[in-house]
Amino acid sequence: MTENELKEIEEEIAVLEAEGRKLSVSNKMKLKKLQRARDKAKSPIEASSVFVPNSGMQENIQLIMIDKIIMPDFNDRTGIDNKKIVELAESIKENGLIQPIIVIENDNGTYTKIAGRRRILATKLNGDAKIETIVKKEKLDKKKFNLLVLHENTQREDLSIYDKVRSIMYFIEQEFMVDQIEAKKICHKINNFNKGNLVKKDSELESMSNRLNEILIQTKIFSSVAHLIKHLPVLDMSIDILSLLESNKITFGMALIFNQYSNSIFIDKRDFSSIIQDVLKEEMSLKDAKAYFMEMLYKSKKSNDKNVTKEIKRKLSKLNKIIISLEEEKQMSFNNELEELLAKYQV
């Protein structure tokens with residue numbers, strides 16, 4: 001990015017930031033995109049070898065047979081859109097493969113994919129038997145291999161936040177030899193430890209915290225454990241919410257609100273998607289969206305009856321204290337009025 005382009009981006013960011021709370025959802029997304037472009041241009045982190053082949057590792061570019069490529073156990077990319085694969089295939093047919101895929105060479109003449117699953121699928125769709133490939137020849141253990149896959153895939157702008165979180169959680173699962181549920185618990189425990197919320201000193205947690213912080217430093221995806229935890233709810237979001245998030249139609253904060261009410265029952269038998277459409281159409285703020293969901297929630301009669309009964313008891317208790325402080329004459333007057341009310345409502 002040239003200095004002039006960077007300056008233009010900075011100016012656009014300043015204009016949008018000046019709008020403050022008046023920012024529409026679309027402008028919020030535009031602002032985030034511009035900020036990412038600016039931060040990427042200024043970032044000291046070296047670009048991935050997906051974009052710069054000469055990454056310092058022993059490698060060379062060659063044509064290899066697609067049927068010799070093995071996909072790793074962990075699928076770093078989910079929700080591959082067949083329509084986009086067709087579009088990519090057309091682009092490759094017209095312009096060639098702009099970026100080679102990346103594999104690591106195995107001892108038996110096969111290769112394990114590191115980056116480029118969609119490019120492989122698109123090339124196969126075109127009927128090609130071979131694909132241009134960056135071949136890495138290092139002998140890597142499982143941990144280093146997983147780290148390499150993370151680096152090559154998470155630096156790509158088109159990798160979803162869902163897949164970024166999945167990737168790093170998979171790495172944590174491998175590091176601590178646990179499943180995803182336990183990995184989440186570990187993250188929360190370590191976050192509490194880092195905040196100093198634990199009364200007793202725990203040497204085991206301290207060791208785990210150091211290991212997890214080292215993973216975050218190595219992977220360069222999340223700046224802290226707290227930053228990672230903030231994004232963990234994305235793993236439980238529905239496809240509809242993820243779709244809106246990845247197409248930049250909603251912010252991550254709005255996705256969290258949608259997820260909170262995704263299994264709720266709404267008044268007038270409204271479905272969840274129609275409530276979402278209302279929020280998007282009106283370009284509601286996070287505060288307004290939360291209030292709207294609360295307003296639309298179905299409250300059973302039983303629940304309402306309990307609330308009314310509780311309110312009556314509270315007022316009667318208050319009234320009783322007032323009656324006690326009244327003079328005898330006024331108490332008698334109040335008692336007569338109460339008798340009339342009881343008779344009226346046949347209590």
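Since every read-out is calculated from the coordinates, none of them should be taken as a lab result. Fair warning: this is a prediction, and the values are worked out from it, not measured in the lab. All Cβ positions, glycine included, derive from the backbone under ideal geometry; neighbour counts span all protein chains shown.
Summary of values
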{"item": "Distance from the stretch 94-141 to the stretch 227-279 (C-alpha centre basis), Å", "result": "36"}
{"item": "Above-threshold pairs, the threshold being 19 Å between Cα atoms, out of 139/220; 113/185; 184/230", "result": "139/220; 113/185"}
{"item": "Highest-first arrangement of 168-175, 216-223, 241-248, 105-112, where packing means the average Cβ count within 10 Å", "result": "168-175, 241-248, 216-223, 105-112"}
{"item": "Placed amide H near residue 266: partners under 5 Å, 5+ positions off or other chain", "result": "298"}
{"item": "Fraction in percent of alpha-carbon pairs per bin - 10 Å, the stretch 161-234", "result": "20, 59, 20, 2"}
{"item": "Dimensionless Rg ratio for the stretch 237-296, taking C-alpha atoms and the 2.2 N^0.38 Å reference", "result": "1.01"}
{"item": "Under the Karplus curve 6.51 cos²θ - 1.76 cosθ + 1.60, θ = phi - 60°, whole-Hz ³J(HN,Hα) for the stretch 245-259, x wherever Gly or Pro sits", "result": "5, 6, 8, 6, 8, 9, 7, 5, x, 5, 4, 5, 5, 4, 5"}
